[in-house]
Amino acid sequence: MKTYAIHIDYSKINSLNDLVGQLSSLLNLDKLYDVEVEIDFNDISEINLDYFSIVYSVIVNLIEHGITVYSKAKHLGNYALRFSNINKIDLSSANGLNYLESIKAQISMHCLFEMKQFSDPKGALNMHKEIMKMLMGSGVKDELLSILEFCLWELIDNTLNHSVEGDFLGLGRGLVSVQFYPEKKIIRFLIADHGCGIYRALTKHPDSVYLYYTEAEALSNCVKKGVTNGTGAGFGLWAIAKFVELNKGYMSIHSGGKQLQVNQVAKVSDAFRWYGTYVLLEINTDILVDPYAIFGNEHTDFYRELKDELFENLIDLW
C-alpha cells in the first residue's frame with residue numbers, strides 16, 4: 001500500500017479557497033493509498049471553524065471511499081493541552097471519528113457550534129430540527145429564525161436532491177456546520193458535499209434548458225430566480241441570495257473550479273477545484289429582513305405555513 005502525505009500550514013491560509021488548494025490533491029485519490037494528514041497550527045491564537053469543517057468533510061469522504069487516514073498536529077500553542085492526544089489518530093476507526101467529535105466540541109469555546117453529517121432525508125430533517133432548536137434557544141429573534149429555517153433546509157435539500165447526477169432524488173450526502181457568535185451577532189452556516197457539482201447538476205440533466213452553460217455561467221446563474229435543471233422551481237438559491245443582500249450578509253458558493261461570492265453584488269472568480277459544492281452563509285442577527293421582500297404575494301402562504309411548521313416542530317423537541 002502506498003502512503004500519500006500532505007502538510008497543511010494553517011498560518012498560510014487566508015480563505016477557504018486557500019485551504020481547498022492545500023487539500024486539492026486529496027480530493028481525487030483512489031484506494032491504492034493510505035493518507036497521512038499533518039496539520040501545522042503554527043501557534044495560531046484561534047482555529048477557524050469553517051476551515052475545520054472543510055478538513056473534516058474531506059477526511060470523512062476519504063474514509064467513506066475506503067481510504068485509511070491518519071492525522072497528526074504540530075505547534076498547537078494555546079491548544080496544546082486540549083489537543084495533546086491528537087497525534088497519530090486513526091481516523092478510519094470509530095474511535096478516531098469520535099475523537100474528531102471531541103475536538104469539534106473543544107474548539108467551539110467562543111461560539112455555539114454544531115457539526116453534523118447527513119445522508120438521507122429523514123436524518124437530514126432531524127438534524128435540521130436540532131440545529132434550529134439550538135438557534136431558537138440561543139435567543140435569535142423569531143422573525144429571523146423562520147427565514148433561516150428556510151435557507152438552511154433549501155441548502156440541505158439541494159445536497160440531498162441535486163448532488164447526485166441523474167434522477168436519484170434524496171440520495172445526496174453532506175456535512176453541515178453552524179456557528180453562532182452572540183457577541184458579534186453573526187451566524188455562519190457551511191454546507192459541504194462531494195457530489196457532482198452545480199455545473200453538472202444544472203447542465204447534464206435531460207430536462208435542463210441550460211445544457212450549454214459554461215462552468216462560470218452555471219455558477220453565476222444558479223442564484224437567479226427560475227434557474228433550475230428541471231427538478232425544482234429555481235426559487236431556493238435566489239431567495240437565499242436575496243436574503244443575504246437585504247441582511248447585508250455574505251454568501252459564497254464554491255463548486256468545481258469556480259467560486260461565486262454574494263453580498264451586495266454577485267461575482268464569479270476562478271478557484272482551486274473542489275469536487276462537489278460547498279456553500280458558506282454569514283448572517284447578521286441584528287439586521288431583520290421583511291419576509292415579504294423575499295416571498296412576496298406568490299409565496300406568502302408558503303412562508304406562513306413554513307413558519308407555523310417550524311415552531312410546531314421545535315415545540316415537539318423540547
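The values are calculated or read from the model by the stated rules, or taken from the named source; none is laboratory data. Just so it is clear, the model here is predicted, and its values are computed rather than measured. Because the Cβ atoms are built from the backbone with ideal geometry, glycine has one as well, and the counts that use them run over all protein chains shown. When the accessible area is computed, the model is the full protein with side chains, heavy atoms only, and any ligands, DNA or RNA have been set aside. Shrake-Rupley method; radii C 1.70, N 1.55, O 1.52, S 1.80 Å.
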Keeping all protein chains in position, work out how much accessible area Leu171 exposes to a 1.4 Å probe, and write it in Å² to the nearest 10.
110
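Roughly how large, in nm² to one decimal, is the mean projection of the convex hull of the alpha-carbon atoms in the range 209-262?
Computing the convex hull of the Cα atoms and averaging its projections yields 3.6 nm².
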Mind running the shape call on the range 177-285? Use the C-alpha gyration tensor, a ≥ b ≥ c as the square roots of the eigenvalues: rounded below 1.5 for a/c, prolate if a/b tops b/c, oblate otherwise.
prolate
Label-to-label distance, nm, for residues given as Lys133 and Ser119 (7 Å Cα→Cβ offset):
2.3
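Students often check this: by mean Cβ neighbours within 10 Å, which of 238-251, 191-204, 279-292 ranks highest, and how do the rest follow? Mind showing how you got there, number by number?
On the way: 238-251: 20.1, 191-204: 23.2, 279-292: 17.9.
Highest mean packing first, the order is 191-204, 238-251, 279-292.
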